[in-house]
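Note sheet for the following structure.
What follows is calculated from the coordinates using simple rules that are stated; it is not laboratory data. From a predicted model like this one, the values you see are computed outputs, not experimental measurements. Cβ: placed from backbone, ideal geometry, glycine included. Neighbour counts: every protein chain shown.
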Amino acid sequence: MSRSAAISSAELPTYTRWPIELVRGRGSTVWDASGKSYLDLYGGHAVAATGHCHPEIVRALREQAGELLFYSNVVALSARTRAAEAIAARAPAPLSKVFFVNSGTEANENAMRLARRATGRTDILSFHGGFHGRTADAISAAGLAKYRELSKPNVPGHRLVPFGDLAAVEAALDERVAAVLIEPIQSLAGVVTAPASYFQSLRRLCDERGAKLIYDEVQTGFGRTGTFFLAGRHGVVPDLVSLAKGIASGFPMGAVLVSDEIAAPVQPEEYGTTFGGGPLACAAAEATVRVIEEEHLLENVRAGSQRLKTGLSALAGVREIRGEGFLLGIALDRPGKPVREALLARGFLVGGSDRPDVLRLLPPLVLTAEEIDRFLEAMGQVL
Ligand SMILES: Cc1ncc(COP(=O)(O)O)c(C=O)c1O
């Protein structure tokens, strides 16, 4: 194992650190300061969509940095126009307009604000187990109680119902609810899924009761589940989609994708952010879309996911594989922490979850069959 990477005296302790310090990355591999390599099945927190330091992303950033490092939304930028058009063109109708922000939590804050504005209502319905970020409104929608507790007082008007329980939504969805906010695959909760019929019913109920449907696709978006978005799957298109994580392959960026109806009343000066839609982030986002298509990464995710599911299901100690594409939860018959630690010692990075027995895989979309087989072999040995 590399030298320890304790939190320095100049940093506020935020996350529990893994005992490694990384200095370099290429594709699905990262290296520590001693030169030891790790296969990154965590994707830098579900962010390294096109892999670490993809040459096209690096080139787009370098080129843009040499032309114009930054200008805000008071001017038009061709990089911003191209990124918005690239994203909107891949979204299912009637999702048609993009509002660039800087992170996942900011995307959710603005999605909720837009839904309240469109409906004139105040309340937000979200789900036990869900996670939407750490700013005031987003954390008040958290379905993992510890996050809400940490941010007291919460924003008023948030209501929580069990994930997957349609009757609970039916009972709670009254004329005060502006939006139903859902992570279509609950990642942090341990990769929890629901059947297609559940999402179809949510769409129908929102329409009947005059509420908007928001998909938090911060993790499921940008190719991770084998399609650009989960929005559109099973014939269900939400009114708003929040995006972040892999959208710019590691350059900080978030976005809210909205329908024509949500966009219609919005006037200049009502929504904004200084840095959102900056030229570097937009250059990286446009290059990310291009790489995903040119390198057939959606197909790679679908094939790789199947290989992982088949291989992992065959291992002793694995109870269940949940999720889609490269957002997978491995439910074990034992605590996950020692398994993660043993994998790390062998040079494999995997994530934990809110459930001690569930590990998460969120690898770059470029992960190859050979890399998957190496991981399966190590996993078999560790278990
Ligand atoms: C589903 C989901 N929504 C929102 C967020 C918040 O994103 P950010 O950390 O960029 O604010 C996360 C972060 O992990 C997430 O997984």
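Structural remarks
- Only Lys, Arg, Asp and Glu carry charge here, each on its Cβ (+1 for the first two, -1 for the last two); on that basis segment 55-116 has a dipole of about 180 debye about its Cα centre.
- Using the Cα coordinates of segment 13-143, the gyration tensor eigenvalues translate into equivalent-ellipsoid semi-axes of 32, 25, 14 Å, sorted from longest to shortest.
- Taking the DSSP beta bridges with both ends in segment 69-224, the antiparallel portion is around 10 percent.
- Neighbours of Val58, meaning other residues whose beta-carbon lies under 13 angstrom from its beta-carbon, give a summed charge of +2 when Lys and Arg score +1 and Asp and Glu score -1.
- Segments 106-117, 137-148 sorted - mean Cβ within 10 Å per residue, highest first: 106-117, 137-148
- In this label model, Arg148 and Ala167 are separated by 2.1 nm, measuring between points 7 Å along each Cα→Cβ vector.
- Positive-end ranking of Ala86, Trp18, Gly51 along the dipole of segment 6-103, with charges on Cβ about the Cα centre, is headed by Ala86.
- Net charge dipole, the chain: roughly 640 debye, given to the nearest 20, about the Cα centre with Cβ charges of +1 for Lys and Arg and -1 for Asp and Glu.
- Global form of segment 265-383, assessed from the alpha-carbon gyration tensor, a/c cut-off 1.5: prolate
- Protection proxy ranking, peptides 293-301, 184-192, 205-213, average beta carbon neighbours within 10 Å, highest first: 184-192, 205-213, 293-301
- The spacing between segment 192-230 and segment 7-71, judged by their C-alpha centroids, is 30 Å.
- Whole-percent pair-distance distribution, where bins are 20 Å wide, for the alpha carbons of the chain: 29, 59, 12
- Ordering Cys282, Ala263, Thr310 by Cα displacement along the dipole of segment 256-315 toward the positive end leaves Thr310 in first place; charges were set at the Cβ atoms of Lys, Arg (+1) and Asp, Glu (-1).
- Along each principal axis, Cα extent of segment 155-289, largest first, Å: 45, 35, 29
- Relative packing of 163-171, 223-231, 250-258, which averages over residues the other C-beta atoms within 10 Å, highest first: 250-258, 223-231, 163-171
- Sites listed here are trypsin sites (Lys or Arg not before Pro) in segment 287-383 whose DSSP assignment is loop and whose Cβ has at most 16 other Cβ atoms within 10 Å: Arg346.
- Among Gly311, Gly66, Gly278, the largest mean-square fluctuation in a Gaussian network model of the chain, built with springs joining Cα atoms closer than 10 Å, belongs to Gly66.
- Dipole magnitude of segment 191-293, debye to nearest 20 (Cβ charges: Lys/Arg +1, Asp/Glu -1, about Cα centre): 420 debye
- Note on Thr14 and Phe275: with the Förster distance fixed at 30 Å, the Cβ-Cβ geometry gives a FRET efficiency of about 0.90.
- Rounded to the nearest 500, the 222 nm mean residue ellipticity of the chain from helices alone is -10500 deg cm²/dmol, with -39,500 (n - 2.57) taken per DSSP H run of at least 4 residues.
- Taking a sphere under 14 Å around the Cβ of Gly43 and counting the other residues whose Cβ falls inside, with K and R at +1 and D and E at -1, yields a net charge of +2.
- Taken as Cα centroids, segment 232-262 and segment 100-117 sit 10 Å apart, rounded to the nearest whole angstrom.
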